[in-house]
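Since the structure comes first, as structure tokens, the remarks are kept for the end.
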Amino acid sequence: MVGLAGYVAGYNGTYEFNSGSTYPGWVNFVGMRMFLASFSALAVPYTYMTAVQLGFTRPVAYLVGLLTLLGTLLCFLSIHQNLTNTDVGFIGIGRLILLDSMLIFFTTVTVFYYTLFRNQSHRPFSFRWWSSLFMTGVSIGCVSSVKWVGFFVTALVGFMTIEELWGMLGNVHMPKVLRVFYHNTN
């Protein structure tokens with residue numbers, strides 16, 4: 001995806017991006033940064049939707065989305081105005097030509113789809129259950145392919161799955177056979 005950002009920005013592959021060196025005029029680093037910062041911008045709706053899926057109240061979910069949005073807006077502002085004093089945390093990661101903005105985005109997407117999957121436990125094997133399970137797997141694949149650190153998200157989902165299965169194992173009221181197809185008799 002970084003290669004795609006370079007291609008879209010017109011980068012020809014000859015500049016090595018050495019640390020501390022100034023960019024030559026023909027390198028469109030702003031375009032490359034904007035492409036990669038868009039992943040930070042796309043994380044905003046997923047953080048909001050994750051907060052909703054986790055059961056937070058609407059004002060708290062708005063606050064979570066707003067704080068993520070504020071970090072993203074400061075990121076875009078610092079790209080154009082070269083405001084180096086605003087480079088902290090999420091802002092600094094989103095504005096640089098690094099893999100971390102994609103890592104944060106795919107981590108956010110994975111957590112969202114996993115919480116959506118967990119919230120469908122009362123309706124197992126439904127379309128929404130299957131689709132959220134499928135998208136959890138796809139987003140785990142994406143986050144793991146960005147960086148090796150992405151495998152920690154796989155561990156998170158794995159531990160949460162083990163916890164859920166442990167709870168099911170100890171539930172003596174759970175039927176031995178789950179009905180996959182059930183009809184609403186109302």
Practice problem: Would you point out which residue out of L67, L63 is within 29 Å of V2 (Cβ to Cβ) and at pLDDT below 90? | Solution: L67
Quiz prompt | The lone exception for I140 - which of (1) modelled with pLDDT of 90 or more; (2) outside any helix (DSSP H, G or I) it fails | solution = (2)
Quiz item: Which residues, counting only those in the range 108-137, are assigned to a helix (DSSP H, G or I), polar (S, T, N, Q) and within 20 Å of G55 (Cβ to Cβ)?
Solution: T108, T110, T115, S132, T136
Quiz prompt | Unique residue being in a loop (DSSP other than H, G, I, E, B), farther than 22 Å from C142 by Cβ and modelled with pLDDT under 80 when the list is G55, G25 | solution = G25
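A quick yes/no check of all residues on (1) acidic (D, E); (2) modelled with pLDDT of 75 or more; (3) under 19 Å from the mean Cα position of the chain (by Cα):
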{"residue": "M1", "(1), (2), (3)": "no, yes, yes"}
{"residue": "G10", "(1), (2), (3)": "no, yes, no"}
{"residue": "A41", "(1), (2), (3)": "no, yes, yes"}
{"residue": "P59", "(1), (2), (3)": "no, yes, no"}
{"residue": "G89", "(1), (2), (3)": "no, no, yes"}
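Considering the range 107-145 alone, what residues qualify as being under 27 Å from V2 (Cβ atoms), touching a residue at least 60 places away in the same chain (Cβ under 8 Å) and not polar (S, T, N, Q)?
V109, V111, F112
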Quiz item: For the range 97-119, which residues satisfy the criterion of being at pLDDT below 90 and crowded, with 18+ Cβ neighbours inside 10 Å?
Solution: D100, S101, M102, L103, I104
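The values are calculated or read from the model by the stated rules, or taken from the named source; none is laboratory data. Note that the coordinates shown come from a computational prediction; the quantities given were computed from them, not determined experimentally. Positions of Cβ are generated from backbone atoms using ideal geometry, with glycine treated the same way; all protein chains shown enter the neighbour counts.
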